[in-house]
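Notes follow once the structure below has been shown.
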Amino acid sequence: MFTRSAATGIASAIATFLFATPALAGADIHVTMPTPSASYVYATSEFDVLVANIGNKGASNVTLTIDLPETNTSPQVYVMGTLGILDPRCVKTGTRLICTLGTIARNTSKLVSFEIALPQADEVLAVTGTATTTSVENSLANNSATVEASLLNYDVTVTPGDVAHNRHCTGQGLTSFFECLLFPSSLASHDVEFLAGGAIAIPGEPSYTGTWSQPTSDSLVMTYVEIGVGVVAEFEGFGTNGSCFEGITTFPGSSYLSPYEVCL
């Protein structure tokens, strides 16, 4: 015969088991994204997203949403980069890839891959993958992962006497010349001559001068000076191919800026 205290303990144990069991029996989606190998700006690289079910039940109707880097344009927002080959289970919707993965059995996984060429940008370009299921999950803490792209720049040598063609657009919050190319009618241009001693001249604009230097073999810094006024623009760019730099030009005292492409 059980004592009252023993019976109470057994009842408590049974209640704990009954309420704990449903929480333990469930799917558990786990998303991981290996960091892709470093690639040059504008070169196509592959991103992989691994969606695993580490739970003890199958995960039904699994959907993977991949958030791609976005432009800072307004009101339209675009993918910051050029998509290449997509996994056939994915469709592009705005700046996202929506991938339908169906059922993922317990202790199995599915790999989703896609290609994208990322531009030179004055910000970190990141990709985030988030998976959902209609099945009950034990945890939602591991359903998402983010990876930051590692981009390389090209060495470009500037020699006194070189003349470069500069294309640019102007706006607020922009971080890449790629954003200018989305709106070709917004582009303006001028030439810059690199003089000996680190000076620059702008053909046809005798009231402007400035300086140039290459702090590293893949970068270019320029300062534009209006005679009688002072510094009016400052540029820092990085090599995007064997003859071009891209970067941001800021204007002292102004919230506006200009993404520049400077090509020899």
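The values are calculated or read from the model by the stated rules, or taken from the named source; none is laboratory data. Everything numeric here is computed off the predicted structure, so don't read it as measured data. Every residue, glycine among them, receives a Cβ derived from its backbone with ideal geometry; neighbour counts consider all protein chains shown. When the accessible area is computed, the model is the full protein with side chains, heavy atoms only, and any ligands, DNA or RNA have been set aside. Shrake-Rupley method; radii C 1.70, N 1.55, O 1.52, S 1.80 Å.
The angle separating the long axis of helix 4-24 from the principal Cα axis of greatest extent in the chain is about 40 degrees. Computed extension length for Q172-L24: 48.2 nm, one decimal, from 0.36 nm per residue of separation with the Cα-Cα distance subtracted. Dipole magnitude for the chain: about 1720 debye, using +1 per Lys or Arg Cβ and -1 per Asp or Glu Cβ, origin at the Cα centre.
Only one residue of G228, T146, G173 has its Cα farthest out toward the positive end of the dipole of the chain, where Lys and Arg carry +1 and Asp and Glu -1 on Cβ, and that residue is T146.
May I ask you to derive the relative contact order of segment 67-195, considering only C-alpha pairs under 8 Å and at least 6 residues apart, and to give it as an integer percent?
Working: 168 pairs, mean separation 31.4, N = 129.
Relative CO of segment 67-195 lands at 24 percent.
Accessible area per residue for segment 19-68, computed on protein heavy atoms with a 1.4 Å probe, is 45 Å². A Förster radius of 25 Å, combined with the Cβ-Cβ distance separating S185 from E115, puts the computed FRET efficiency at roughly 0.30.
What is the chain's relative contact order, in percent, from Cα pairs under 8 angstrom and six or more apart in sequence? Numbers along the way, then the final one.
Working: 658 pairs, mean separation 47.4, N = 264.
18 percent.
Hey, what does the equivalent ellipsoid look like for the chain, semi-axes from the Cα gyration tensor as sqrt of 5 times each eigenvalue, largest first, whole Å?
Numbers: eigenvalues 634, 70, 48 Å².
Equivalent ellipsoid semi-axes, largest first: 56, 19, 15 Å.
Of interest is the spacing of the C-alpha centroids, which for segment 158-176 and segment 81-135 amounts to 33 Å.
Ordering S45, V158, A27 by Cα displacement along the dipole of the chain toward the positive end leaves A27 in first place; charges were set at the Cβ atoms of Lys, Arg (+1) and Asp, Glu (-1).
With the full set of protein chains in place, find how many percent of the accessible area of the chain is carbon and sulfur; take the probe as 1.4 Å. Provide the component values of the computation, followed by the final result.
Details: 7600 of 13340 Å².
Carbon and sulfur: 57 percent of the exposed surface of the chain.
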